[in-house]
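A.B. asks: The following block contains the structure, expressed as structure tokens.
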Amino acid sequence: MQQIGVLGCGWLGVPLGIHLKNKGGVIRGSRTTDVGAAALNKTGIQGFKVHLRLESTHGIDAFLNKLDTLIISIPPRRKIPDGAYAKKMERLINALEDTALKRIIFLSSTSVYGPASNTYTEESLVFPETAAAKSLFESEQYIAKTKIPSVIVRLGGLIGPDRNPVFQLQDKIISNPKGRINFVHQVDAVNAIGELIENAELNGVFNLVCPHHPLREDYYLHWSKKLKLPTPRFAHEEVNVRIVQGNKITEKTSFNYTVNNLLI
């Protein structure tokens, strides 16, 4: 059975770990506290306490021991010093060089393409603007240079049963109402990553973005009404139409998006 580690078992990592366990893998997951690691054990994921710091890394050796595949699912925090995330990833990647790992799956973000109006594929040039996007792309480059085969997964905005940006945008003026939505549902992210793991010959970059790109205005009006929230307010500004395509994975594997209409 394949030994798979999910480094950073959070909102996406836990259902991903459970999915992979149900597929027959032996799954390890990491949290930064003993309580968090114990909670993972209750799901059937082997919980490990791992703490990545700039100065040192605690618990990583035991976590990596005899792993076949490592999934790095640690997004940058919003309030961290510039470059700190990439430096931690560089330290981690250097530590992986001396292991028996056969594959790395790094969960990145479509934010690395930048905010400009365009249609983006995996072949597009990237122009990251935010500190988080710059750190993610820098980390992607570290991973791409290793001798270990790797897949970079660029996730669209993550949504799910308990996660929808409409809640965070209450009492705010929503920008770019005539722009397009680039989201991916949790269930599709989980299934797609599982498919990439099963297709061991694949490497390189894969976008995970729902093929349905409704207007931002339509999306937020729909979900505000459905969730019985106040009607959102929108800015009046120049339209920026940014679309990220996520169909490469459907061409290279048997995966298909199941949540392919974001207005249901």
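The values are calculated or read from the model by the stated rules, or taken from the named source; none is laboratory data. Being a predicted model, the structure only gives us computed values, none of them experimental. Quick reminder, even Gly has a Cβ in these numbers, built from the backbone with ideal geometry, and neighbours come from all protein chains shown.
A.B. asks: Filter the range 117-144 down to the residues that are under 15 Å from the mean Cα position of the chain (by Cα) and closer than 19 Å to ILE181 by Cβ and list them by number.
C.D. replies: ALA133
Here is a yes/no grid of residues against (1) basic (Lys, Arg); (2) in a loop (DSSP other than H, G, I, E, B); (3) in contact with an Asp or Glu (Cβ under 9 Å, 6 or more places away or on another chain):
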residue	(1), (2), (3)
CYS210	no, yes, yes
ASP218	no, no, no
LEU229	no, yes, no
GLU238	no, yes, no
ILE249	no, no, yes
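A.B. asks: Go through the range 4-43 and count every residue that is at positive phi and either modelled with pLDDT under 95 or over 19 Å from the mean Cα position of the chain (by Cα) (or both).
C.D. replies: Of the residues in the range 4-43, the ones at positive phi are 8, 24.
Narrowing the set further to residues that are either modelled with pLDDT under 95 or over 19 Å from the mean Cα position of the chain (by Cα) (or both) leaves 24.
Here the count works out to 1.
A.B. asks: Another question, then. What pairs come out if I take residues in the range 212-237 that are touching a residue at least 40 places away in the same chain (Cβ under 8 Å) and crowded, with 18+ Cβ neighbours inside 10 Å and pair them with residues that are of a type in the set (Phe, Trp, Tyr) and in a loop (DSSP other than H, G, I, E, B) whose C-beta lies under 7 Å away, six or more apart or interchain?
C.D. replies: none
A.B. asks: Another question, if that's okay. Of the residues ASP98, ASP162, which is more than 30 Å from ASN261 (Cβ to Cβ), without any contact (Cβ under 8 Å) to a residue 24 or more places away in the chain and surrounded by fewer than 20 Cβ atoms within 10 Å (Cβ to Cβ)?
C.D. replies: Working: ASP162 fails: more than 30 Å from ASN261 (Cβ to Cβ).
Selected residue: ASP98, the only one of ASP98, ASP162 that is more than 30 Å from ASN261 (Cβ to Cβ), without any contact (Cβ under 8 Å) to a residue 24 or more places away in the chain and surrounded by fewer than 20 Cβ atoms within 10 Å (Cβ to Cβ).
A.B. asks: In addition: Which is under 24 Å from CYS9 (Cα atoms), touching a residue at least 24 places away in the same chain (Cβ under 8 Å) and either of a type in the set (Gly, Ala, Ser) or exposed (fewer than 14 other Cβ atoms within 10 Å of the Cβ) (or both), of ALA144, ALA200? Spell out the reasoning first.
C.D. replies: Details: ALA144 fails: touching a residue at least 24 places away in the same chain (Cβ under 8 Å).
The conditions single out ALA200.
A.B. asks: Sort out which residues of the range 142-167 are assigned to a loop (DSSP other than H, G, I, E, B), at pLDDT 95 or above and not hydrophobic (A, V, I, L, M, F, W, C), and write them in order of number.
C.D. replies: Of everything in the range 142-167, those that are assigned to a loop (DSSP other than H, G, I, E, B), at pLDDT 95 or above and not hydrophobic (A, V, I, L, M, F, W, C) turn out to be PRO149, GLY156, ASN164, PRO165.
A.B. asks: For the range 33-57, which positions are crowded, with 17+ Cβ neighbours inside 10 Å and in a loop (DSSP other than H, G, I, E, B)?
C.D. replies: Within the range 33-57, ILE45, VAL50 meet the criteria.
A.B. asks: Does LEU92 satisfy the criteria of being in contact (Cβ under 8 Å) with a residue 40 or more places away in the chain, surrounded by 18 or more Cβ atoms within 10 Å (Cβ to Cβ) and part of a strand (DSSP E or B)?
C.D. replies: Details: in contact (Cβ under 8 Å) with a residue 40 or more places away in the chain: yes; surrounded by 18 or more Cβ atoms within 10 Å (Cβ to Cβ): yes; part of a strand (DSSP E or B): no.
Criteria not met by LEU92.
A.B. asks: If you go through the range 175-198 one residue at a time, how many are touching a helix residue (DSSP H, G or I) at 6+ places or on another chain (Cβ under 7 Å) and either in a loop (DSSP other than H, G, I, E, B) or modelled with pLDDT under 95 (or both)?
C.D. replies: Number of matching residues: 6.
A.B. asks: Give the number of residues within the range 58-89 that are surrounded by 14 or more Cβ atoms within 10 Å (Cβ to Cβ) and under 18 Å from the mean Cα position of the chain (by Cα). Don't jump to the end; show me each part of the working.
C.D. replies: Of the range 58-89, the ones surrounded by 14 or more Cβ atoms within 10 Å (Cβ to Cβ) are 59-60, 63-64, 67-76, 80, 83-89.
Add one more test, that the residue is under 18 Å from the mean Cα position of the chain (by Cα), and what stays is 69-76, 85-86, 88-89.
So the count comes out to 12.
A.B. asks: Moving on. Output the residues belonging to the range 1-51 that are among the β-branched types (Val, Ile, Thr) and closer than 20 Å to GLU195 by Cβ.
C.D. replies: Just the residues of the range 1-51 that are among the β-branched types (Val, Ile, Thr), to begin with: 4, 6, 14, 18, 26-27, 32-33, 35, 43, 45, 50.
Residues satisfying the conditions are ILE4, VAL6, VAL14, ILE18, VAL26, ILE27, ILE45.
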